[in-house]
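The values are calculated or read from the model by the stated rules, or taken from the named source; none is laboratory data. Quantities reported herein were computed from a predicted structural model and do not represent experimental measurements. For neighbour counting, all protein chains shown are included, and Cβ atoms are generated from backbone atoms with ideal geometry for every residue, glycine included.
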């Protein structure tokens, strides 16, 4: 799963969809917890989600496949994702329509937030594929925590609230802890020489570190010092790196990989360290 040309539509879809859904979830959270109704966030989130789903439909080749996929809801993780994607977009669009009509209804935003959170959770579950070593464990949680982190940063840095809430810092801390565990899991996978020839895998720590600092660390520092739109821009870059790295660092279980893992556990001498850098 290292063909980046083939994965470009997936990177685009998941980046837009996760960021958009994250904005809707964060909007519902801020309205419920702080009575902060930043209406442009829901509209922007719905627009990004719609664009992401459009890219996904284009990638499928036949739009009717999405309708067929829903039939497996409850049994298939992919079917659940398709179902929640439609519900997430429809609920966000309804909340936006009510706002544009001058009838802002907090319950509509809350429902949209809940459905978009379920959609983010469903994305992570789709990729829990046997044989893909880097798509297990905490990787299934990062669409939800990362999307919410981006949404919280964007709203706090653009809504001119005059400061950063403890809730936003907590969200960033949770996403940071989750992602650090994912980073640790990936860095602990021994790499055969054939995989080390891939520059992305050889530099996996740099790629993962860039995502961590752009989405979690630097935005938190900026907003504590003085909320600025730069924090949202950096978080967006971090989100894009998150999805690029998700596919670029995919490692499939192979016989060669198993041999390398056994050698690493036994401590057999095999030249320079194969754990990557």
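Hey, among 182, 200, 211, 243, which residue is modelled with pLDDT under 95 and either out of contact with any strand residue (DSSP E or B) (no Cβ under 6 Å at 6 or more places or on another chain) or over 17 Å from residue 135 (Cβ atoms) (or both)?
Matching residue, one of 182, 200, 211, 243: 200.
Sort out which residues of the stretch 114-126 are surrounded by fewer than 21 Cβ atoms within 10 Å (Cβ to Cβ) and modelled with pLDDT under 95, and write them in order of number.
If the condition is that a residue be surrounded by fewer than 21 Cβ atoms within 10 Å (Cβ to Cβ) and modelled with pLDDT under 95, then 125, 126 are the ones that fit.
Could you pull out the residue among 160, 140, 154, 112 that is in contact with a helix residue (DSSP H, G or I) (Cβ under 6 Å, 6 or more places away or on another chain) and over 19 Å from residue 239 (Cβ atoms)?
Sole residue among the options that is in contact with a helix residue (DSSP H, G or I) (Cβ under 6 Å, 6 or more places away or on another chain) and over 19 Å from residue 239 (Cβ atoms): 112.
Give the number of residues within the stretch 96-110 that are surrounded by 16 or more Cβ atoms within 10 Å (Cβ to Cβ) and either closer than 30 Å to residue 249 by Cα or touching a residue at least 60 places away in the same chain (Cβ under 8 Å) (or both).
Number of matching residues: 3.
Pairs, please: C-beta under 6 Å, at least 6 apart or cross-chain, first residue free of Cβ contacts under 8 Å to residues at least 60 places away in the same chain and in the stretch 121-149, second surrounded by fewer than 17 Cβ atoms within 10 Å (Cβ to Cβ) and in a loop (DSSP other than H, G, I, E, B)?
140/128
Among (1) over 25 Å from residue 226 (Cβ atoms); (2) touching a residue at least 40 places away in the same chain (Cβ under 8 Å); (3) in a helix (DSSP H, G or I), which single condition is residue 168 missing?
Every condition holds for residue 168 apart from (1).
From (1) closer than 27 Å to residue 252 by Cα; (2) loosely packed, with under 15 Cβ neighbours inside 10 Å, pick out the condition that doesn't hold for residue 166.
Unmet for residue 166, out of (1) closer than 27 Å to residue 252 by Cα; (2) loosely packed, with under 15 Cβ neighbours inside 10 Å: (1).
Please work out which one of (1) modelled with pLDDT under 95; (2) in contact with a helix residue (DSSP H, G or I) (Cβ under 7 Å, 6 or more places away or on another chain) is the condition residue 49 fails and give its number.
Against the list (1) modelled with pLDDT under 95; (2) in contact with a helix residue (DSSP H, G or I) (Cβ under 7 Å, 6 or more places away or on another chain), residue 49 comes up short only on (1).
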